[in-house]
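The values are calculated or read from the model by the stated rules, or taken from the named source; none is laboratory data. Owing to the predicted nature of the structure, the values given are computational and were not obtained by experimental measurement. Note that each Cβ is placed from the backbone with ideal geometry, even for glycine, and that neighbours are counted across all protein chains shown. SASA here: full protein model, heavy atoms, side chains in, ligands and nucleic acids out. Shrake-Rupley method; radii C 1.70, N 1.55, O 1.52, S 1.80 Å.
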Amino acid sequence: MIKQASAIIEARRFNLDEIRNDFPILKRTVNGKQLVYLDNAATSQKPQCVIDSINKYYSFENANIHRGLYFLSEIATESYENARLKGKEFLNALSSSELIFVKGTTEAINLVAASLSRANYFREGDEVIISHMEHHANIVPWQFLVEHDKIKLKVIPITDDGELDMEAFKLMLNDRTKFISVVHISNALGTINPVKEIITLAHRRNIPVFIDGAQSAPHMKIDVQDLDCDFYALSGHKAFGPTGIGVLYGKTEMLEMLPPYQGGGDMIRTVTFEKTTYDDIPHKFEAGTPNIAGSIGFGTAIDYINQFDRDELTRYENELLEYATNSLNEIDGLKIIGNAKKKASVISFVIEGIHPYDIGTIIDTDGIAIRTGHHCTQPLMDRFKLPATARASFAFYNTKEEVDKLVQSLLKVKRMFV
Ligand code: C6P
């Protein structure tokens, strides 16, 4: 049984065939072979219900929101705000006004960094801590502040297994530390970071913490109140929703403290040429016409995930990860990059003497999609002295048979290079 805010409902039985049937793209072939989609960390596939909800919105409900007093505008507004409410329950936020719709995790981090800067939150020499395994989206926006606000960027080192060096982190905390922004699950290593511990240590010194949840929201239950994070960001498209929609969660007092990120329609209360007053949160941060269809699709993706017992999905993904790790480790010359004790369903690897791009291109001829490259984590690649890795990342609709196909295809790549 799973418990939701208003009702206790029976969880949907975990049946892989039925689940795969929900995702139309999984039935297609690529290069004459059955598609094996193992690039879920880049973006997940979408169930039919998400596709249908977007179609329904454009076919029958399309209108701008928060503006018209006519029938369609009211339904569109209701659907948009209802999606926010679903997001609130998904993250267990205290209030739906703590959820801001953004394009995705990248925009969420840029919003917070830019607004902190505009609030003159930082003094010259103040320190912001990130980690060595951050995605570029959690590096570059802070580098803007190194230039503009003269802050210092401190980087938590990582171990050879791809875990955060928590002792080093503790030593980094000092009176100049004003903000911490860390990734929950690394997109390139799969490491699940001890973010709760980081938040507890930071709060002892009144330092706010931002959690990049791009990779955690699709793979585990998130409870922002339990984590006690000040900010949390996710991308809808990695969590079975559409592209171009994401959520920034912020504690009310944090969002109240920040000035707006962009100015325009829908974020104001009054405008004169002399002075503008802003709307309340979350609208203060949502200037212009938002991604209405995207928010509705995202809400449907949450409904889809909520049918299941999330712990059961996580358990299955862990089983798949273990199976894939063991199978890949059998391949001579293959080395997995990132062997943290706590990992989610991402496996980065290299094969001796073969460039990851060759691996990706050749296995594509077998219909297998994985990502190859630096995964937008160039400093992390430098840490491991690698230009790139191949990365297989899983969702709960993937199967052990698909892992077997990956292994067979990699063995074929190896034979071609001998
Ligand atoms: N990682 C990957 O293939 P956007 O693009 O805004 O939805 O998400 C950015 C982002 C931020 N943080 C983490 C940990 C991420 O993994 C990503 C996106 C994709 O790994 C595309 S580079």
Subject >> Cross-chain or 6+ apart pairs with Cβ under 9 Å, the stretch 163-174 first and farther than 18 Å from GLU134 by Cα, then open to solvent by 40 Å² or more (accessible area, probe 1.4 Å) >> reply: LEU173/ARG204; LEU173/ARG205; ASN174/ARG205
Original post:
Can we say SER96 is small (Gly, Ala, Ser), open to solvent by 10 Å² or more (accessible area, probe 1.4 Å) and in contact (Cβ under 8 Å) with a residue 12 or more places away in the chain?
Top reply: yes
Subject >> Filter result (β-branched (Val, Ile, Thr) and open to solvent by 20 Å² or more (accessible area, probe 1.4 Å)) within the stretch 23-53 >> reply: ILE25, THR29, VAL30, THR43, ILE51
Original post:
Got a number for residues in the stretch 176-208 being away from the ligand (no atom under 11 Å from the Cβ), over 25 Å from ILE305 (Cβ atoms) and in contact (Cβ under 8 Å) with a residue 24 or more places away in the chain?
Top reply: 14
**OP:** Could you check the stretch 221-339 for helices (runs of 4 or more DSSP H) lying wholly inside it with 3 or more residues that are open to solvent by less than 30 Å² (accessible area, probe 1.4 Å) and closer than 21 Å to ARG84 by Cβ?
**Re:** 292-306
Original post:
How do the helices (runs of 4 or more DSSP H) wholly within the stretch 99-192 filter down when requiring 2 or more residues that are open to solvent by 40 Å² or more (accessible area, probe 1.4 Å) and among the hydroxyl-bearing types (Ser, Thr, Tyr): which remain?
Top reply: none
Original post:
Taking the stated definitions as given, is TYR323 aromatic (Phe, Trp, Tyr), at negative phi and under 19 Å from the mean Cα position of the chain (by Cα)?
Top reply: no
**OP:** Might you let me know whether the stretch 43-64 holds any residue that is in contact with a Lys or Arg (Cβ under 8 Å, 6 or more places away or on another chain) and without any contact (Cβ under 8 Å) to a residue 12 or more places away in the chain?
**Re:** no
